[in-house]
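**Q** Questions regarding the structure given below will be posed in turn.
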Amino acid sequence: MSGRWTSPLRAAGPLIFVAVLVCVPLFMRQFWVTLGNYVGLYSIVALGLVLLTGVAGQTSFGQAAFVGIGAYATAILSTHYGLSPWLNLIVGLALTTALALCIGFITLRMKGHYLPLATIAWGISLYFLFGNLDYLGGHTGITGIPALHLFGLELRNERYLYFLIWGIALAALWATHNVLDSRPGRAIRALRGQLEMAEAFGVDAARLKIIVFLYAALLACISGWLYAHLQRFVNPTPFGINQGIEYLFMAVVGGAGSVWGAVVGASIITLAKQVLQDVLPALLGKSGNFEIVVFGVLMVLLLQWSREGVWPLLARLLPAAPVMPVRAAAPLPMRAAVAGGGALLEVNAVRKQFGGLVAVADLTFAIRQREILGLIGPNGAGKSTMFNLISGALPLTAGSIRFCGQPISNLTPYAIARLGIGRTFQHVKLVSQMSVLDNVALGAYLRGRSGVLRAALWLDRVEEGRVRATALNAIRRVGLESYWHEPAGNLPLGKQRIVEIARALAADPVLLLLDEPAAGLRFLEKQELAALLRDLQSSGMTVLLVEHDMDFVMGVTDRLVVMHFGEKLAEGAPADIQRDPAVRNAYLGGVA
Ligand code: ADP
Ligand code: MG
C-alpha cells in the first residue's frame, strides 16, 4: 500500500461507523430507520457470503432459504405454540445446522459446481414448501407474530428493534473479522485456489468448507429470526431464489473479500432498490420489477470496472491503517529431536506410473539424518514426482517409503506433514493477497488448535500470538524480515520461493523437501540460500534438494542421487558424480 497516507485515525473508523449508526434512530425520520433496519438484516446475511463466497470461493444462491428457516421457525412456534422467541431462535439455529450439514456434506465434498446447483435447488424447493403447506400459512403466510422482549422492554417500535438488529450485525461483523484474522481464517483464504497447498499443511479442506457453509447459514437464520419479529408477519416471497440472488449481489457489489464489503453492498443494493422502485415506474409509466433489469446491467458494469467490488475503492480513499508490529510472544513448542543416527527416510523400489508412462522406475535411496541430499537429473526425469510421492501428494504404484522407520506410503499429505516432513513447491503456491506473515503462519497450522468458533469469539489470541511469533522467527531466519507485512504476491518470484521455505520451517519439520528453491534467484541470493541451508543443517535439519543450478548443488550438498527417465543413474559424493562418465553423458555433459 505504498503511497497512501497512513493515520492512526483509521483505527477509529469502526467507532465513527458505530456513532453514525446510533444517530440514525435518535435523529432521523422513520423512513431512514426502516431502511437502516433492512440494511442491518441484509448485512448479516451478506457477511456469511463474504466468508463463503468471497473468501472461500463457494457460491450459494440459497441463503434466502436459510433466512426463511429462521423466520418460519419463530413464526410457527410463537403463533401456534406460544413459545418464547428466544427459544425459537435456538430451535431455528438447530434446524439450520441440521440442514446445512446435510447439504454441505453431500455437495461440498465434490469438486465443481455442485454447491451452487444444490443451493438453487434447495432455495427453490424450500420456497414452494413454504408456499404450499397449509400448516405454514401457504402463500398468504403467518400473521400475528409477537414482538421481541429484551430486558423487560417490548421491541414493538422499529426504533428499539434497530438497536438489537445492529447490535447483532456488529457482533457478526466483529466475529467474521476475527475469523478472517486467525488460524482457520488463513486456511479458509487458501481454499480458493491453493487447496493442494493447504492440504499439504494439514488443512482438512472438506471439513473446513462445511464449517464455513454452516457459519453463513447460521447468520442467515439469525437474520430471518429478526426479520420475522420486525415484520411481525411472514410469507414465502422474501425467501425465494430471487432474494437469494440479491444477497449474492450484495456481497459481490460490496466487495466479497472484506467484512465491510457486506455492509457497503447491503446499503447500496437496499438504497438503489428503494430509489429505482420509485423512479422507474414514474419514468416508464408502468409498474413492474424493472429494478432487477437495471441491477443486472449495473452489476455487469461494476464488475468490469472493479472486480473486487466497491469497498476496495472506498478503502483507497481512506487513510491506510499503520502496520502493527507483531507482538512479542513465546514461539510454539518444538517437536522432540529424532533419536539415533542412520537413515531418516528410506525410499525402497518406489514406482510411479501415469498410465503407460513410468515417471519413477523402482527407485531406491536413503537420506541420512542431518544430510543435504541432492536429487538431480534432466527435465522430466521424475524428480518432482518423487517429491510428491514422499509428501503423499501422489499415491505410489509400487514400492514403499519409510520415515523414521515408520511406513508412510499410504498416509495422507496431512498425516505425513504431521510426522515432520515439510516441503516447498516447484510452482510457487502462496496465497498472494495474504501477507507474508500469514502465509508463513499457515505453515504452523498443525501446531495450533483454534477453530472457527474460538477464533470468532477472540478466544484464540494467546495461541495466535505464539503462532505469529513463530512465523516471524521463520521469516527472520530466511532473511525476509523487511517484507513480513507485504502481500506475498507483491514479492519477486525468487523471494516468493524463500517465503515457501519459511512456511515449511514454520511447520517445525525434521525433513525439508525443497523443489528448485534457487530458480529465479540472483547470484547473491543463491549464496544466501546456500548459507541458510548449511545453517539449517547445523541446527539438525535434514534436506532433500531438487535443483538445476549445478554450481549451487555441488557446493551445498553432501551427496547426490542422479535420476534419468525415472531410474537411478548414479549416487555418491558431488565430486564423484561430476567425474562419473555415465552422468556426464546423460546430463552434466549437456549442461557444461
Ligand atoms: P522433473 O521434476 O524431474 O522435471 P517430473 O517428475 O515433473 O519431472 O515428471 C516426470 C515425468 O512424469 C514427465 O514425463 C512428466 O510429463 C510426467 N508427469 C508428471 N506428473 C504427471 C501427471 N500428473 N500426469 C501425467 N504425467 C505426469
Ligand atoms: Mg520438477
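**Q** Within the range 377-399, which residues have the backbone N less than 15 Å from the label spot 7 Å out from Ala582 along Cα→beta-carbon, could you tell me?
**A** Hits in the range 377-399 for Ala582 at 15 Å: 377-378.
**Q** When all protein chains stay in place, what accessible area (Å², nearest 10, 1.4 Å probe) is found for Lys273?
**A** 50 Å²
**Q** Could I ask something else about it? Can you list residues whose amide H is under 5 Å from His564's amide H, if they're 5+ apart or on another chain and H is modeled 1.01 Å from N?
**A** Leu569
**Q** May I pose another question? In terms of the Cα gyration tensor, with a ≥ b ≥ c the square roots of its eigenvalues, is the range 343-587 rounded because a/c is under 1.5, prolate because a/b exceeds b/c, or oblate?
**A** prolate
**Q** May I pose another question? For the chain, build the charge dipole from Cβ charges (+1 Lys, Arg; -1 Asp, Glu) around the Cα centre, then report which of Leu493, Leu357, Pro378 sits farthest towards its positive end.
**A** With unit charges placed on the Cβ atoms, the residue in question is Leu493.
**Q** To continue, here is another question. Considering only protein heavy atoms and a 1.4 Å probe, what is the carbon-and-sulfur percentage of the accessible area of the chain?
**A** Solvent-exposed carbon and sulfur of the chain make up 62 percent of the total.
**Q** Per residue, how many Å² of accessible area does the range 38-240 show with a 1.4 Å probe?
**A** For the range 38-240, the per-residue accessible area is 38 Å².
**Q** If each DSSP helix of 4+ residues adds -39,500 (n - 2.57) and the sum is divided by the residues in the chain, what number results at 222 nm, nearest 500 deg cm²/dmol?
**A** My calculation for the chain gives -17000 deg cm²/dmol from helical runs alone.
**Q** If you don't mind, another one. Can you give the extra length, in nm with one decimal, that the chain gains between Arg534 and Tyr135 once fully stretched, where that is 0.36 nm per residue apart less the Cα-Cα distance?
**A** Full extension from Arg534 to Tyr135 adds 136.3 nm.
**Q** Can you send over the solvent-accessible area of Met110, 1.4 Å probe, protein chains only, in Å² to the nearest 10?
**A** Counting only protein heavy atoms, the figure is 80 Å².
**Q** Counting other Cβ atoms within 10 Å, keep those with at most 16, restrict to DSSP loop, and tell me which chymotrypsin sites (Phe, Trp or Tyr not before Pro) in the range 407-463 are left.
**A** Trp458
**Q** Give me the angle, in degrees from 0 to 90, between the Cα long axis of helix 13-27 and the longest principal axis of the Cα atoms of the chain, rounded to the nearest 10.
**A** 10 degrees
**Q** In the neighborhood of Gly494, defined by Cβ-to-Cβ distances under 15 Å, what is the net charge if each Lys or Arg adds +1 and each Asp or Glu adds -1?
**A** -4
**Q** If amide hydrogens are placed 1.01 Å from N in the peptide plane, which non-local residues have theirs closer than 5 Å to the one on Gly374?
**A** Hits under the 5 Å cutoff: Leu545, Asp558, Arg559, Leu560, Val561.
**Q** With each pseudo-label sitting 7 Å past Cα toward Cβ, what's the Asn410-Ala336 distance in nm, one decimal?
**A** My value for the distance between the label points is 2.7 nm.
**Q** Using the charge dipole of the range 38-240 (Lys, Arg: +1 at Cβ; Asp, Glu: -1 at Cβ; taken about the Cα centre), state which of Ala220, Tyr38, Leu49 has its Cα farthest towards the positive end.
**A** The Cα lying farthest towards the positive end belongs to Leu49.
**Q** Give me the number: length gained by fully extending Thr34 to Ala171, i.e. 0.36 nm times residue separation minus the C-alpha to C-alpha distance, one decimal in nm.
**A** Value of the extension gain: 47.3 nm.
**Q** Run the quick spin-label model on His80 and Ala19: label points 7 Å from Cα toward the beta carbon, then report their separation in nm to one decimal.
**A** 4.9 nm
**Q** Please compute the modelled spin-label separation between Gln353 and Ala147, points set 7 Å along Cα→Cβ, answer in nm with one decimal.
**A** Reported label-point gap for Ala147 and Gln353 is 7.7 nm.
**Q** Ordering Thr59, Thr237, Thr107 by how much accessible area each has at a 1.4 Å probe, largest first, what is the list?
**A** Details: Thr59 45, Thr237 90, Thr107 10 Å².
Highest to lowest solvent-accessible surface, that is Thr237, Thr59, Thr107.
**Q** A further question on this structure: In what sequence, highest mean first, do 119-132, 310-323 appear when ranked by Cβ atoms within 10 angstrom?
**A** So the order, starting with the most tightly packed, is 119-132, 310-323.
**Q** Please give the contour-minus-distance gain from Val293 to Phe27: 0.36 nm per residue of separation, less the Cα-Cα distance, rounded to one decimal in nm.
**A** So the chain would gain 92.3 nm between Val293 and Phe27.
**Q** With a cap of 14 neighbouring Cβ atoms within 10 Å, and only residues DSSP puts in a loop, list the chymotrypsin sites (Phe, Trp or Tyr not before Pro) found in the range 76-108.
**A** Sparse-neighbourhood loop chymotrypsin sites (Phe, Trp or Tyr not before Pro): Tyr81.
**Q** Let me ask something additional. Could you tally the net charge around Ala329, taking each other residue with its Cβ under 12 Å from the Cβ of Ala329, Lys/Arg +1 and Asp/Glu -1?
**A** Net local charge, Ala329 excluded: +2.
**Q** Within the set of other residues whose C-beta is less than 14 Å from the C-beta of Phe295, count the net charge using Lys and Arg as +1 and Asp and Glu as -1.
**A** Net of charged neighbours comes to -1.
**Q** Now for a different question. Please express the Cα-Cα pair-distance distribution P(r) of the range 518-557 as a list of whole percents, one per 10 Å bin, running from 0 to the bin with the greatest distance.
**A** For the range 518-557, the binned pair fractions read 30, 59, 11 percent.
**Q** What are the extents of the Cα atoms of the range 12-158 along their three principal axes, in Å, largest first?
**A** 50, 44, 25
**Q** Quick check for you: with a 1.4 Å probe and neighbouring chains kept, what is the accessible area per residue of the range 535-592, in Å²? Display every interim value, and only then the final one.
**A** Working: 2630 Å² over 58 residues.
Ligands and nucleic acids excluded, the figure is 45 Å² per residue.
**Q** Right, something else. In the structure displayed, which of Lys209/Lys568; Lys352/Lys429; Lys111/Lys273; Lys526/Lys568; Lys383/Lys526 lie more than 32 Å apart, Cα to Cα?
**A** Lys209/Lys568; Lys111/Lys273
**Q** Report the charge-dipole magnitude of the chain in Debye, nearest 20, computed about the Cα centre from +1 at each Lys and Arg Cβ and -1 at each Asp and Glu Cβ.
**A** Dipole size: approximately 500 debye.
**Q** Let me ask something additional. So in the chain, what percent of DSSP beta bridges are antiparallel if you round to the nearest 5?
**A** Working: 25 of 42 bridges.
Within the chain, antiparallel bridges account for around 60 percent of the total.
**Q** Against the longest principal axis of the chain, how steep is helix 205-231, in degrees 0 to 90 to the nearest 10, with axes from Cα atoms?
**A** 10 degrees
**Q** In terms of Cα to Cα distance under 20 Å, which aspartates and glutamates are near enough to Lys286, apart from those fewer than 8 places away along the same chain?
**A** Within reach: Asp278.
**Q** A further question on this structure: Compute the acute angle (0 to 90°) between the alpha-carbon long axis of helix 30-49 and the principal axis of greatest extent of the alpha-carbon atoms of the chain; round to the nearest 10°.
**A** It works out to around 30 degrees.
**Q** Could I ask something else about it? Enumerate the calculated ³J(HN,Hα) couplings along the range 420-425 in order (Karplus 6.51 cos²θ - 1.76 cosθ + 1.60, θ = phi - 60°), each rounded to whole Hz, writing x wherever the residue is Gly or Pro.
**A** Rounded to whole hertz, the list is x, 10, x, 9, 10, 10.
**Q** Moving on to the next point. No solvent, one uniform scatterer per C-alpha: report log10 I(q)/I(0) for the chain via the Debye equation at q = 0.05, 0.07, 0.10 1/Å, two decimals.
**A** Debye curve over Cα of the chain, log10 I(q)/I(0) at q = 0.05, 0.07, 0.10 Å⁻¹: -0.28, -0.53, -0.91.
The values are calculated or read from the model by the stated rules, or taken from the named source; none is laboratory data. These numbers come from a predicted model, not from an experiment. All Cβ positions, even for glycine, are placed from backbone atoms using ideal geometry, and neighbour counts span all protein chains on display. Only protein heavy atoms, including side chains, enter the accessible area calculation; ligands, DNA and RNA are left aside. Shrake-Rupley method; radii C 1.70, N 1.55, O 1.52, S 1.80 Å.
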